[in-house]
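> The structure's right below; bear with me while I get my questions together.
Here, each number is a calculation from the coordinates, and none is a lab measurement. As the structure is a computational prediction, the values presented were derived from the model and not from experiment. Note: ideal-geometry Cβ built from the backbone for every residue, glycine included; neighbour counts use all protein chains shown.
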There are 2 protein chains.
Amino acid sequence: MHEESIKRAGEIIAQNTGADSHCTLALIDDDGYPTASTITASKSDGIKWITFGSEVGSNKANRIRKCNRAAVCFNRSGDHNITLVGTIEIVTDADVKRDMWYSGLENHFAGHDDPNFCVLRFTTKRYNLFVDWKDEVSGEL
Amino acid sequence: MHEESIKRAGEIIAQNTGADSHCTLALIDDDGYPTASTITASKSDGIKWITFGSEVGSNKANRIRKCNRAAVCFNRSGDHNITLVGTIEIVTDADVKRDMWYSGLENHFAGHDDPNFCVLRFTTKRYNLFVDWKDEVSGEL
């Protein structure tokens, strides 16, 4: 039951990565409030991890430096809810930046080696999934 | 500039309330992690406040009892981002429950006076708005 929903959620996430896709990233701000804002996912591996592109000096990156707890929600079409809770880190490794580059980022950065470009890498600890109108499932990875 | 974006954001929120609409609500869980999940907004007043229907014993209501900090994100169509950060409270007043009832809730509750039905009332403290491809604006209410 869980495995089927996890597999399907991974497919939905994969379909919602790259240019013109979006999901919602929740972080914690300086005052201890949750924030939730739109972001484009770059790559993913099932529900295990998701990467995003960001600016080194963005609000998101600044918040992550102070608190690495995060949640990601995919619900674009309204017939599913994918909630992933976990941790997020800023990656500036050149190879990772190249691997996680996607078409569309050139509107914001000079290229994958732009020093202002960084990768946000989210790793799931806990999931809550409602997909294909099956029963909601939740658990830990 | 801000006023125009605030007005437009309020219209977008109002268009995305009631049956078949959804947005994302971020809360803080027992372990201090942000969570982000799909919810339907019931009513709204500009960007000032938004109400939701929920179960008295839902994960969301249980989290709110322990931590009243929340964020709401509207980004359904992908061409806008509305992030509101503030506080959220559980309301069980009979008049409020009747006022905030919307078509569709009858699939989950016996009626607006169902003791399992409660209203979650979010009040905005801070906003970050990107609408109609205008410059992003942020501020406090």
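> At 7 Å along Cα-to-Cβ for each site, give me the label-to-label distance between A:GLU106 and A:GLU55 in nm.
In this crude spin-label approximation the distance works out to 2.1 nm.
> In degrees, nearest 10, range 0 to 90: what is the angle between the Cα axis of helix B:2-15 and the longest Cα principal axis of chain B?
It is inclined by approximately 40 degrees.
> When the dipole is taken about the Cα centre of chain A, and only Lys, Arg (+1) and Asp, Glu (-1) are charged at their Cβ, what size is it in debye, to the nearest 20?
Magnitude of the dipole: close to 260 debye.
> I want to make sure I understand the PRE zone here: with the label point 7 angstrom from the Cα of A:SER77 toward its beta carbon, which residues in segment A:1-30 have backbone N atoms less than 17 Å away?
A:5-18, A:20-24
> Shortest first, in nm, what separates the label point of B:SER77 from those of the same position in the other copies (7 Å along Cα→Cβ)?
Listed shortest first, these distances are 2.0 nm.
> Could you tell me how many cubic angstrom of Cα convex hull volume segment A:2-140 has per residue?
Cα-based convex hull of segment A:2-140, divided per residue, equals 100 Å³.
> At 222 nm, what value in deg cm²/dmol follows for chain B if DSSP H runs of at least 4 each add -39500 (n - 2.57) and the sum is divided by all its residues, to the nearest 500?
After summing the helix terms and dividing by the residues of chain B, the value is -5500 deg cm²/dmol.
> Still on this model: Can you pull the three principal axis extents for the Cα set of segment B:58-124, in Å, largest first?
Largest first, segment B:58-124 extends 36, 29, 21 Å along its Cα principal axes.
> I would also like to ask the following. Can you work out D for the protein assembly as shown in µm² s⁻¹ from Stokes-Einstein, where Rh is the Kirkwood radius over C-alpha pairs, the temperature is 25 °C and the viscosity is 0.890 mPa s?
Calculated translational D: 128 µm²/s.
> Tell me the distances, shortest first, between B:ASN62 and the same position across the other copies, using label points 7 Å along Cα→Cβ, in nm to one decimal.
Spelled out, the distances from B:ASN62's label point are 3.6 nm.
> Here is a follow-up. Would you mind getting me the FRET efficiency between B:GLU140 and B:GLN15? Use the beta-carbon distance for r and R0 = 22 Å, nearest 0.05.
Efficiency, rounded to the nearest 0.05: 0.35.
> Can you list the lysines whose alpha carbon is less than 26 Å from that of A:LYS60, not counting same-chain residues fewer than 8 positions off?
Correct list for A:LYS60: A:LYS43, A:LYS48, A:LYS97, A:LYS125, B:LYS7, B:LYS48, B:LYS60, B:LYS66, B:LYS125, B:LYS134.
> Would you work out the relative contact order for chain B, in percent, from Cα pairs under 8 angstrom that are 6 or more residues apart?
About 26 percent, as a whole number.
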